[in-house]
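Since the structure comes first, as C-alpha cells, the remarks are kept for the end.
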Amino acid sequence: MCAAALEEYCGSVFWNASFLDREDPDLPVCVEQTVLVWIPLGFLWLCVPRHLVSLCRRTKAKTKHMSKLYFCKQLVASLLFLTAIASLGVTLGEDFGPDRDTSSTVKNAGVYYANPVLYAVTWILVLLCQEVVRRREGAVDSATLFTFWLLLVLCDIFPFQTLLREALKLGTINDVPRFCLFYITYGLELIALILSVVADIPPEDEERNPEAGATFLSRITFNWFHSMVVKGYKRPLVQEDMWELSAKDSTSYLNEHFQHFMNLELGEARVRYQEKLKKKRVKNRDKVHGESFQNGLGKGVSQDVLMMVSVRKKENKRKNNYPNAWLITTIYKTFKWILIESAFFKLLQDLLAFASPQLLKLMISFTHDQTRHTWEGYVYAVLLLVVAILQSLFLQQYFQRCFVLGMKVRTAIMAAVYKKALVVSNDVRKETTVGETVNLMSADAQRFNDVTNFIHLLWSCPLQIILSIVFLWLELGPSVLAGLAVMVLMVPINGLLATKARKLQVENMKYKDKRLKIMNEILNGIKILKLYAWEPSFQTQVEDIRGEELKVMKKFAYLTSVSTFVFSCAPALVSLATFAVFVGVSPNNVLTAEKAFTSISLFNILRFPLAMLPMLIAAIVQTSVSRKRLEKFLGGDDLESDIIHHDPSFDTAVSISDGSFAWEREAEPLLKNVSLDIKPGRLVAVVGAVGSGKSSLISALLGEMHATKGFINIKGSLAFVPQQAWIQNATLKDNILFGSPHEERKFEEVIEVCALGPDLELLPGGILTEIGEKGINLSGGQKQRVSLARAAYSEADIYLFDDPLSAVDSHVGKHLFDKLIGHNGILKNKTRILVTHGVSFLPHVDEIVVLVDGKVSEVGSYKSLRASKGAFSEFLDIYTLEVSRVKGTKAEQTRVGLIPERDDAQPDCPLEDTVSATLKRENSIRRSQRNGSVRLRKNSSFKKPEAELNKGQKLIEKETMETGQVKFSVYMQYMRAMGWGYTITVFVVYVIQNIAFIGQNLWLSDWTNDAVDYFNITYPDWKRDTRVGVFGVLGIAQGLFVFLGTLLMAKASVAASRILHSRLLNNMLRVPMFFYDTTPIGRVVNRFAKDIFTVDEAIPQSFRSWLMCLLGVLGTLLVICLATPFFTIVIIPLAVVYFFVQRFYVATSRQLRRLDSVSRSPIYSHFSETVSGLSVIRAYGHQDRFLQHNETTIDENLKSVYPWIVSNRWLAIRLEFLGNLVVFFSALFAVISRKSLDSGLVGLSISYALNVTQTLNWLVRMTSELETNIVAVERVSEYTELENEAKWVSDTQPPEKWPKDGRVTFEDFKVRYRPGLDLVLHGISCDIQSTEKIGIVGRTGAGKSSLTNCLFRTIEAAEGRILIDDIDISTIGLHDLRNRLTIIPQDPVLFSGTLRMNLDPFDRFSDDDIWRVLELSHLKEYVTGLQEGLQHEVAEGGENLSVGQRQLLCLARALLRKSRILILDEATAAVDLETDDLIQNTIRKEFSHCTVLTIAHRLHSIMDSSRVMVLDAGRIVEFDSPSNLLEKKGHFFAMAKDAGITQDGITSL
C-alpha cells in the first residue's frame, strides 16, 4: 500500500529484491529520492525549533564579531539555496516552459517538485541556525549542524555513485541540468561539512582554556587536549601549565548551587526530624501516666522513665539523632543533568555492545556459505567498525561525564564541609575532633567521588546480565544455565576469599603500624641512639616486626593466587560447562562456529558486570557510612548569630546584661548572671582562680557560647589574642597582616612594640620567613608575640587578650605591657580586656573584674579592691605566697619582685637589654630543642647579602620530585631483588599459560568445523567426548599455570620486599647525623611507610597485571595473524601509533598525578589550620576571606585533576580507535581471503579482536601504573645509597679498659657541620686533666654543643684531632668510641618498650645492677610501686612519665655505663628545681672520679667547677677557674652579672 503511493510519488519502482541480489548491487532511485533525503532533513527539522526559540527570545542582539568563517558558512548555505531554486526552475521549465515537449502529457513526478522546495526551506533554516550559533554565548560551532552535514554527505553518496555508474554504462548523460546541479550541490555540501568542523573562536578567547574553543568533533575525540599532552611529553608539566577552570567547574559555582539545594533539602529534613521527635515525645508521655512532661524531658519525670529514655536516647544517639536522608537527594538535584546525560550514553553503549556478537554471527555464517556475494562481507566489516566507533564515543562521553561528576561531588562536599566548619556550633565541635573533620573532607568526600564514578553500574550491570542471558539462550537454549550456574557459584567463593583476605589485611596493618611506630621513634631519637651506640638493638626490633609482617604478606599473596586461579579458570570453566551440556543433552545439538564464538563474545561481556557488582555494592556500603557522618556534621546546628548585638546607641563599648552562658544547649551555664559594663578606652583586667571562667567570659564576648538568658552588646570591631597562639602556615608578614593591607610605618612600629626585632634578625628570611605548620619553627613566646602583633596591626576598637603574657618571659612580658597594652602602649585609646595571671600588671589597669565560680564577685580599681579585703585580696595573698616560694628558689633565673605597694614596678636594669637577653635565651632553648636547625641559623644570623642568605635559609632541601621516564636500571634492580631464577620462571610459566589459552581456542575452532564434516551424519560419541575432554583439560591447565605463576611471583616479591627494606633500614641507621638535620623526619618515615608499602603490595600486583596484559595482547595478535596472514602488514603501523600514544600519555599522566597529590595536601592542611584557629577567624570576622582561600586552594587542585581525567579519555579514545581498526582489518582480511579460511578460524580471530580493545587500554594503564609504582624502588634505593658515617667497629680496637684516666686533649681542632659550610669551631686547643670538672659556657651559637658532638664524632673534624688517653679518637670504630663515653642529653628521650629496655637494650647487665642505679637516681620507690616493675611499658616518647622522671632515667643510663668521661648537656627544659638538685648531687657524688664536661645554660650550676671554658664564635676566649674569671672582669663576668651572680654570691655557694 505504502510502496504503491511512493512509486506514484517518485514515478519509478520503490523496491525490488533483484537490485541487491547481484555482484554489483545498487539502491533503487526512488529510495534515494525519498528515504535518503528525509533522514538528514528530518534530523535537522527536529532539532531546529530549539535553536530558533533562542533567536526569538533574545531581543537585544549580541554584538559578537562577524568572522570570515561565519561569512563563508552563510555564503555556502546561500549558494545551496540558489541550487535548490534552480532545480525547481528546471522542473517547472520541463513541465510548463516554452520549449517543453508538447506531445507528451506526462508531467514530472511529484518528487521533483517536493524535493527542491524541501531543500530550499532547509537551507533557509540552516542560515538561521548559523546566525543563532553566532549569537550564542561561548558557542564555537553547532553539533546539530555538524551531524546534519555529515548525514547529508553520507546519504548523498548513493545517488552520487548511481548517477556516475549509469552515465558510464550508457556512455552519455541523460539529464544534464539535474546531473550538474547534483554534483555542484554535493561539492557545496562537502565544503559546508569541512567548514562546520572549524571552530569560530573570537581572537580574545584563545589562551584561557582550549576546551572552551573546542569544536564538536574535537570535543568528542578529546582532540583539544592534544597541546597539553605534547607539552607534557616535551618537558615535565608544572602547576603553571595547567589551564584555567571553566566557570561551571569552579568551586565557587559548584558550592553556590550545592548550598542552594542543600538548604532546601536540609530544611525539609529538619521539619521531618522535628515531627519525629514530637511523635516520640507523645509516645513517652503516654508511657508516663500523666506525669508532668511539659518541656521535653521535664523536671517531674520519674527516675525509671528517665532511665528508659536515656537508654533509648543512647541507642538513638548512635542511630540518628540528627536530620537524615537529605544528602543523596541534594547531590542528585544539584547534578541531575549530568547524571541523566551520562545514563543516556551508558544505555546506548550497553545496547551497542550486544550488536557486535550478532554481527560476528552474521560474519561467520557469511564465510561459511561460499555462495553469498562478497559485498555482504564488506558491509559487515564496515558495520563492525561503525558500531565499535560509536560504542567507543558513547563510552568515553559517559566516562568523562561520570568522572567529572565525581570530581564535582567531591568538590561540593569539601566546600560545604569547610563552610560548615566556619559556623559550626560548639555542640557539634565537641563531638568531632579536628582529625575527624579533616577526614570528612579527605576520606569521605573521596568515597563519594569514587562511587559516583560508577553509580550507573547499579542499573547497567543487571541490564547487561539480563541481555547476555537472553541472547545466549537464543544461541544455546537452556544449557546456558550450566555456565551461568558456574558463574554464580564463583561469587560466594570470591566472597569467602575476600573476607579471609580482609582479616589478613587487618593483621598486616597492625604490624605495619607497630613497625612505623618504632621507626618513628628511632628517627625522632636518632641522635640518642647514635650517642649511646644503641642502633643494633633497635635494628633487630624492627627486623623482627618486619619478619612477622612478611609472614602475613606471604599468606595474603597465597590467598591472592588462589583467587586469581579461580578467576582465571572461570571463563574456561563457564564455556566448558555450557558447551559440554549443550552437546551432551541431545545428539542433534552440534556446535557450529556461529554458536561457539557468538557465545564466547557474550560470555566475555558477562564477565565484567559479574565482577563489578560485588565491588560496587561494597563501595556503596562504605559510602553510606560516609553519608551518615557527613549528614551528621553538615546537619548540625550553627552558632547562634543573634547572641551578640551591635547597637551603636549604647554609650559603653562592651555591656553584658544579666547573662548566663553555657558551652552547650543542655549543659549547666558556666557563667551565671553576669552583668558588666565597660566604657570605651578603658583597660580592664579579668582575674580569678583557675577554672573560674575567665576564658569563658572572653568566649562569650566572641559569641562562641550559648546564651541561656540575657544578651551582650558590643560596639565596634574586635581583635582577639587567644591563650595558645594560633599561627598560620604562611610567612611571618602574612601572619601579622592577616589580610589587612601593608603599611610600612605601622608595620615597623608593631614589630618594635611586640619585641619581634631581635627574632627577625635570627630568622633566616626576616619577615618573609615561611613559618611551618602550627608555627613549628617559632618558640612559644615568639608565637605569642606574633599573635599580639596581629591584633595590634588590625586596628580594631576592642581588644580581648586571653592571658597572652603567660607564655613569654617576665622581661618580655613587661616590655609588651608597657609598649602595647598599658597606658603608654600604642593601644592606649582602645578598649582592652586582659585576662591575666600576672599580678604585677594589676596596679596599672583602670578596672579589675574578679570572677569566682562563674560569677562576677567584685569590680573596681586595684586600690579599692585591695582595701575591701574581698575575694581579690584573698587571691592576691595566695598568689603572692606561691610566687615567693617559687621565685625565691629560682631567683637567679628570672627576677621579678613581688608587687610593690608603690605604683611603678620598674626593673632594676635598663629594659631593652633584658629583653634582648631574654630573647637570646629563649632562642637558645629553642635551638637546643630542635638541634637540627642550629647550624644554619648560625650561618645566617649575621646579616649577609640577600642572595647568599637565600641559600643559607633553606635549612630543609626541597624533596626531589622524580620527573621524566624511570630508568631501566630501576626495573633491573627490582628484578635482582626478586632473584633472576624466580623472574625467569615466572615469565616462562605465564607464557605457557598463554599458549594453553590459545590452544584451547584453536581446539574450539577445530571442533566447530566438525559441524561441516559431519553434516547430516550422526555425531559419534567418542568424538564428542574427546572434544569436550581436551577442551576442559586445556582450560584447567591455564588456571594451574596462572596459579603457579602467581605463587612464584608472590614468593619472589616477598623476597624483594625483605631485601629492599633491610637495605634501607641498615643504611638509614648508618647515615651521618647531619643528614637528619637537613631532612624532615616525615620524609624519611614516608620512605618506610608509603614507598615500602608500594614495594610490598602495589608493585607485585601491577607487575603481574602488566605481564598478563602484555602476553594477552601478543597472543591476540598472534591468533589473528595465524587466521589471516595478511594482517601482519597492518601490525607494524598500528604498533608504531600505539607506541607513540602510549609514550605521550604516560609522560603527561604521571606528571598530572604528581601535581594532583602535591596540590591536594594544602587543602587539608589549610582546613585543619582553620579548624584549630576558628575562634580567631570568627573574632576578626575573616570567614569570607578564608572561604575564598579555600576555594582557590581547591581550584588549584582541580586544575590538575580535571586534565588527568581528560588525559585518560584522550588515551582511551585513541586506543579504542586502534582496537576498532584491529577488528576492522581482521574482518576485512577474513572477507578477502574467505576462500581459503574455515569459518572456525574467522570466528576465532574476530572474537579475539573484539576483546583486544579493552586489553590494549589496560596495557597502557598498567604500564603507566607500573612506572608510577616502580618510582618507589627508586626512592628507596636513593636512600640506600646515601653516604655512611665511619665504620661502627674498625680494625684498630682500643685497649679493654680504655679510657683509664679520662684525659681529653684538643689539638688545633676545627670543624664544620657539612662540607661547604663555614667552620663552627676555629682551631680549639686545650688539655683537660683526669677527673677535672669543666664547665663550658658561651652565648647561643658559640659552639658549645658542637664540642660534644665532636667528642662523639657525630661531626667529623675538618682539621686537628682529639686525643682521649693519648688515643686519637678518629682512628677507632664509632661504637668502640661511643660505648666508652657517657652523655646525659638535654632532652630526655625515651623509647616505647619496657623500662628495662630503655636502660639496657642489649641485656648486658643483671637486674641487681639496674636496681642499684635506680636507687642512686632516686627512682627505686617509683619503680617498685609499679605493677610490672622493670617490665613497665613506657609509652611513645615516654609520655606516661613526668619530665623529671625521664631526666632521672637518663641519669640512670649514665650511671649504668660508668665510663670515665661524662658529658652533661644541661637540661634547659622544664625540670623542676628538686629534680635538678637531685641530679646535681648524684653527679657530684657518683662521678667524682670521672672527667665531667658540663654545658651550662644557667651559670649557677657550674660555679663549683674546677675550670670554666668560655666560648665565643667557635674560639676559646677564656679558660680558668670561676673565681679568677670573675676578677678578670671579662666575658664571664658580664654573663654572671646578667644572671645576677656576683663575687659575694659565689662565696655563699
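If you go through region 1491-1506, how many residues are surrounded by fewer than 20 Cβ atoms within 10 Å (Cβ to Cβ) and at pLDDT 80 or above?
Residues that pass the stated criteria total 1.
Please specify each residue of region 164-182 satisfying the condition of being open to solvent by 50 Å² or more (accessible area, probe 1.4 Å) and assigned to a helix (DSSP H, G or I). Full working, then the answer.
Initial filter on region 164-182 (open to solvent by 50 Å² or more (accessible area, probe 1.4 Å)): 164-166, 168-177, 180.
Answer for region 164-182, where residues must be open to solvent by 50 Å² or more (accessible area, probe 1.4 Å) and assigned to a helix (DSSP H, G or I): Leu164, Arg165, Glu166, Leu168, Lys169, Leu170, Val176, Pro177, Cys180.
Do you know which of the residues in region 1317-1345 that are at pLDDT 80 or above, open to solvent by less than 10 Å² (accessible area, probe 1.4 Å) and touching a helix residue (DSSP H, G or I) at 6+ places or on another chain (Cβ under 9 Å) is farthest from His1375 (Cα to Cα)?
Out of the qualifying residues, it is Val1337.
Examine region 1068-1084 for a residue that is at pLDDT 85 or above, in a helix (DSSP H, G or I) and under 41 Å from the mean Cα position of the chain (by Cα), and state whether such a residue exists.
yes
Out of all the residues in region 1297-1312, is one or more at pLDDT 85 or above, outside any strand (DSSP E or B) and open to solvent by 30 Å² or more (accessible area, probe 1.4 Å)?
The answer is yes; a qualifying residue exists.
Among the candidates Arg1160, Arg1150, Arg1143, which residue alone is of a type outside the set (Phe, Trp, Tyr), under 21 Å from Val229 (Cα atoms), under 20 Å from the mean Cα position of the chain (by Cα) and part of a helix (DSSP H, G or I)?
On the way: Arg1160 fails: under 21 Å from Val229 (Cα atoms); Arg1143 fails: under 20 Å from the mean Cα position of the chain (by Cα).
Among Arg1160, Arg1150, Arg1143, only Arg1150 is of a type outside the set (Phe, Trp, Tyr), under 21 Å from Val229 (Cα atoms), under 20 Å from the mean Cα position of the chain (by Cα) and part of a helix (DSSP H, G or I).
Output the residue which, of all residues in region 1390-1400 that are open to solvent by 20 Å² or more (accessible area, probe 1.4 Å) and closer than 20 Å to Ser1459 by Cα, is nearest to the chain's Cα centre (by Cα).
If we take residues in region 1390-1400 being open to solvent by 20 Å² or more (accessible area, probe 1.4 Å) and closer than 20 Å to Ser1459 by Cα, then Met1397 is nearest to the chain's Cα centre (by Cα).
Of the conditions (1) under 19 Å from the mean Cα position of the chain (by Cα); (2) small (Gly, Ala, Ser); (3) over 30 Å from Leu1069 (Cα atoms), Ser1175 clears all except one; give me its number.
(1)
So which of Ser460, Ser425, Ser442 is in contact with an Asp or Glu (Cβ under 9 Å, 6 or more places away or on another chain), modelled with pLDDT under 90 and among the hydroxyl-bearing types (Ser, Thr, Tyr)? So that I can check it myself, show each step before the final result.
Working: Ser460 fails: modelled with pLDDT under 90; Ser442 fails: in contact with an Asp or Glu (Cβ under 9 Å, 6 or more places away or on another chain).
Being in contact with an Asp or Glu (Cβ under 9 Å, 6 or more places away or on another chain), modelled with pLDDT under 90 and among the hydroxyl-bearing types (Ser, Thr, Tyr) holds for just one of Ser460, Ser425, Ser442, which is Ser425.
Return the total of residues in region 1498-1538 being touching a residue at least 24 places away in the same chain (Cβ under 8 Å) and in a loop (DSSP other than H, G, I, E, B).
Step one: of region 1498-1538, the residues touching a residue at least 24 places away in the same chain (Cβ under 8 Å) are 1498-1516, 1519, 1522, 1532, 1535-1536, 1538.
Keeping just the survivors that are in a loop (DSSP other than H, G, I, E, B) gives 1498, 1503-1506, 1513-1514.
Qualifying residue count, region 1498-1538: 7.
Of the residues Asn508, Asn494, Asn588, which single one is more than 30 Å from Ile1383 (Cα to Cα), touching a residue at least 40 places away in the same chain (Cβ under 8 Å) and open to solvent by 30 Å² or more (accessible area, probe 1.4 Å)? Before the answer, list the steps.
Details: Asn508 fails: open to solvent by 30 Å² or more (accessible area, probe 1.4 Å); Asn588 fails: touching a residue at least 40 places away in the same chain (Cβ under 8 Å).
Asn494 is the lone residue from the list that is more than 30 Å from Ile1383 (Cα to Cα), touching a residue at least 40 places away in the same chain (Cβ under 8 Å) and open to solvent by 30 Å² or more (accessible area, probe 1.4 Å).
Can you pull out every residue in region 1236-1282 that is among the polar types (S, T, N, Q) and farther than 27 Å from Val1137 by Cβ? If you could, list the steps in order and put the result at the bottom.
Taking region 1236-1282 first, the residues among the polar types (S, T, N, Q) are 1236, 1239, 1245, 1247, 1251, 1253-1255, 1257, 1263-1264, 1268-1269, 1277, 1280.
Selection gives Ser1236, Ser1239, Ser1277, Thr1280.
Report, ordered by the first and then the second residue, all pairs with beta carbons closer than 6 Å, sequence separation of six or more or different chains, a first member in region 462-489 that is under 13 Å from Arg607 (Cα atoms), and a second member that is open to solvent by 20 Å² or more (accessible area, probe 1.4 Å).
Filtered contacts from region 462-489: Ser468/Ile605; Gly483/Ala577; Val486/Leu573; Val486/Ala577; Met487/Leu610.
Considering only residues of region 1009-1049 that are among the hydroxyl-bearing types (Ser, Thr, Tyr) and at pLDDT 80 or above, which is least open to solvent (accessible area, probe 1.4 Å)?
Step one: filter region 1009-1049 for residues among the hydroxyl-bearing types (Ser, Thr, Tyr), giving 1014, 1018-1019, 1026, 1046.
Now narrow it down to the ones that are at pLDDT 80 or above: 1026, 1046.
Values: Thr1026: 63, Thr1046: 3 Å².
Applying the filter and picking the extreme gives Thr1046.
With the structure loaded, tell me whether Asp809 is modelled with pLDDT under 90, open to solvent by less than 40 Å² (accessible area, probe 1.4 Å) and within 23 Å of Arg1178 (Cα to Cα) or whether it fails that test. Outline the logic, then answer.
On the way: modelled with pLDDT under 90: yes; open to solvent by less than 40 Å² (accessible area, probe 1.4 Å): yes; within 23 Å of Arg1178 (Cα to Cα): no.
So Asp809 fails the test.
Which ones in region 325-350 are among the charged types (D, E, K, R) and either within 13 Å of Leu266 (Cβ to Cβ) or open to solvent by 20 Å² or more (accessible area, probe 1.4 Å) (or both)? Spell out the reasoning first.
Looking only at region 325-350, we keep the residues that are among the charged types (D, E, K, R), and these are 333, 336, 341, 346, 350.
Residues satisfying the conditions are Lys333, Lys336, Glu341.
Within region 630-655, which residues are in contact with an Asp or Glu (Cβ under 8 Å, 6 or more places away or on another chain) and either more than 30 Å from Ala443 (Cβ to Cβ) or not charged (D, E, K, R) (or both)?
Leu630, Gly636, Leu639, Thr652, Ala653, Val654, Ser655
Within region 88-99, can one find any residue that is in a helix (DSSP H, G or I) and charged (D, E, K, R)? Give the steps one after another, and end with the answer.
Restricting attention to region 88-99, the residues satisfying the condition of being in a helix (DSSP H, G or I) are 88-96.
From what's left, charged (D, E, K, R): 94-95.
Yes, there is a match, as at least one residue in region 88-99 is in a helix (DSSP H, G or I) and charged (D, E, K, R).
Within the set of pairs 6+ apart or on separate chains, which have a first residue in region 1231-1251 that is in contact (Cβ under 8 Å) with a residue 40 or more places away in the chain and closer than 14 Å to Lys361 by Cα, a second that is outside any helix (DSSP H, G or I) and open to solvent by less than 40 Å² (accessible area, probe 1.4 Å), and C-beta atoms under 7 Å apart?
Ser1245/Thr1124
Of everything in region 230-287 that's open to solvent by 70 Å² or more (accessible area, probe 1.4 Å) and outside any helix (DSSP H, G or I), which residue is farthest from Glu1191 (Cα to Cα)?
Arg235
Tell me which residues, restricted to region 1423-1457, are open to solvent by less than 30 Å² (accessible area, probe 1.4 Å) and among the polar types (S, T, N, Q).
The answer is Gln1447, and nothing else.
Being more than 50 Å from the chain's Cα centre (by Cα) and either more than 30 Å from Leu128 (Cα to Cα) or touching a residue at least 24 places away in the same chain (Cβ under 8 Å) (or both): is that true of Pro28 here? It would help to see each step written out before you state the result.
Numbers: more than 50 Å from the chain's Cα centre (by Cα): yes; either more than 30 Å from Leu128 (Cα to Cα) or touching a residue at least 24 places away in the same chain (Cβ under 8 Å) (or both): yes.
Taking the combined requirement at face value, the residue satisfies it.
Taking the condition of being touching a helix residue (DSSP H, G or I) at 6+ places or on another chain (Cβ under 9 Å) and either more than 10 Å from Ala1452 (Cα to Cα) or outside any helix (DSSP H, G or I) (or both), how many residues in region 1405-1420 meet it?
Matching residues across region 1405-1420 total 7.
Where residues in region 656-666 are within 42 Å of the chain's Cα centre (by Cα) and in contact (Cβ under 8 Å) with a residue 12 or more places away in the chain, which of them is most open to solvent (accessible area, probe 1.4 Å)? Before you say what the answer is, go through the steps one by one.
We begin by selecting, within region 656-666, every residue within 42 Å of the chain's Cα centre (by Cα); these are 661-666.
Those still in the list that are in contact (Cβ under 8 Å) with a residue 12 or more places away in the chain too: 661-665.
Details: Phe661: 1, Ala662: 0, Trp663: 89, Glu664: 53, Arg665: 113 Å².
Per the stated criteria, the residue is Arg665.
Across region 1071-1117, what is the number of residues that are over 19 Å from Phe556 (Cα atoms), of a type in the set (Lys, Arg) and surrounded by 18 or more Cβ atoms within 10 Å (Cβ to Cβ)?
1
Out of the residues in region 1521-1531 meeting the condition of being closer than 18 Å to Ala1342 by Cβ and crowded, with 16+ Cβ neighbours inside 10 Å, tell me which one is nearest to the chain's Cα centre (by Cα).
His1531
Of all residues being in contact (Cβ under 8 Å) with a residue 60 or more places away in the chain and within 22 Å of Glu521 (Cβ to Cβ) in region 1401-1416, which is surrounded by the fewest Cβ atoms within 10 Å (Cβ to Cβ)? Just the residue, please. Show your work before the answer.
As a first pass, look at region 1401-1416 and keep what is in contact (Cβ under 8 Å) with a residue 60 or more places away in the chain: 1401-1402, 1416.
The next check asks that each one be within 22 Å of Glu521 (Cβ to Cβ); those that pass are 1401-1402.
Values: Pro1401: 20, Phe1402: 12.
Checked region 1401-1416; the qualifying residue surrounded by the fewest Cβ atoms within 10 Å (Cβ to Cβ) is Phe1402.
Identify, by number, the condition in (1) over 57 Å from the mean Cα position of the chain (by Cα); (2) open to solvent by 50 Å² or more (accessible area, probe 1.4 Å) that Gly110 doesn't meet.
(2)
Can you report the number of residues in region 15-34 which are part of a helix (DSSP H, G or I) and crowded, with 16+ Cβ neighbours inside 10 Å?
Result for region 15-34: 5.
The values are calculated or read from the model by the stated rules, or taken from the named source; none is laboratory data. Everything numeric here is computed off the predicted structure, so don't read it as measured data. No Cβ is skipped: glycine too gets one built from the backbone with ideal geometry, and neighbour counts run over all protein chains shown. Side chains included, ligands, DNA and RNA excluded: accessible areas come from the protein's heavy atoms. Shrake-Rupley method; radii C 1.70, N 1.55, O 1.52, S 1.80 Å.
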